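Read the figures in this text as sums done on the coordinates, not as results from a lab. Given the structure is predicted, the values throughout are model-derived calculations rather than measurements. Cβ placement follows ideal geometry from the backbone for every residue including glycine, while neighbour counts extend to all protein chains displayed.
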Amino acid sequence: MDIEAIRAARAREQDAASLVALAEPTIFERVQNAVDDGEIDTEDAAQLTTELADERAGKLLKLASFRAAGMAVNWDGVTEQERALVEDLVARLEEWRDSVTPATEDSDE
């Protein structure tokens with residue numbers, strides 16, 4: 001793996017409106033292996049993968065917001081780790097929303 005592969009992955013993610021499917025092992029795992037093996041510079045790899053992760057995080061937050069609002073979401077391109085993050089965010093968003101929403105009286109009482 002070289003630094004250009006990371007740049008290309010980041011560019012694809014930036015150009016797409018939805019999440020780009022990550023091949024297995026993911027770009028993040030391949031980058032870590034390349035850093036561990038001394039194939040690529042650690043600082044460059046860290047900067048580019050952070051930018052890629054931030055790009056994906058914005059899209060994941062959007063998915064979580066839609067899902068918390070009861071809307072259907074497209075899970076294409078979402079890794080298992082990212083799906084767990086989205087589900088955690090959904091639970092937190094719902095908990096927060098419940099805490100700031102005024103309680104209503106039950107009409108059956």
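The modelled label-to-label distance between GLN32 and GLN81, using points 7 Å beyond Cα along the C-beta direction, is 0.5 nm. Between GLN14 and GLU43, what FRET efficiency follows from the Cβ-Cβ distance if R0 is 30 Å, with the result rounded to 0.05? E(calc), rounded to 0.05, equals 0.90.
What number comes out for the charge environment of GLY77, summing +1 per Lys or Arg and -1 per Asp or Glu over other residues with Cβ under 10 Å away? It works out to a net charge of -1. Helical content of the chain, expressed as a calculated mean residue ellipticity at 222 nm, amounts to -22000 deg cm²/dmol (DSSP H runs of 4 or more residues, -39,500 (n - 2.57) each, divided by residue number, nearest 500). Taking the Cβ of ILE3 as the centre, find all other residues whose Cβ is under 11 Å away and add up their charges (Lys, Arg: +1; Asp, Glu: -1). With Lys, Arg at +1 and Asp, Glu at -1, the neighbours total -4. Spin-label pair ALA23-LEU61: with each label point 7 Å from Cα along the Cα-Cβ axis, the two points sit 3.1 nm from one another. If you take all other residues with their beta carbon under 14 Å from the beta carbon of ALA91, and give Lys and Arg +1 and Asp and Glu -1, the sum is -1.
Site pair ALA5 and VAL100 shows an inter-label distance of 4.3 nm when each label is modelled 7 Å from Cα along Cα→Cβ.
For region 62-73, the Karplus equation 6.51 cos²θ - 1.76 cosθ + 1.60, evaluated at θ = phi - 60°, returns couplings of 5, 4, 5, 4, 4, 5, 5, 7, x, 8, 6, 10 Hz by residue, with Gly and Pro reported as x.
The mean sequence distance of close C-alpha pairs (under 8 Å, at least 6 residues apart), as a share of the length of the chain, puts its relative contact order at 30 percent. Dimensions of the chain along the principal axes, based on C-alpha atoms and rounded to the nearest Å, stand at 69, 22, 19, largest first.
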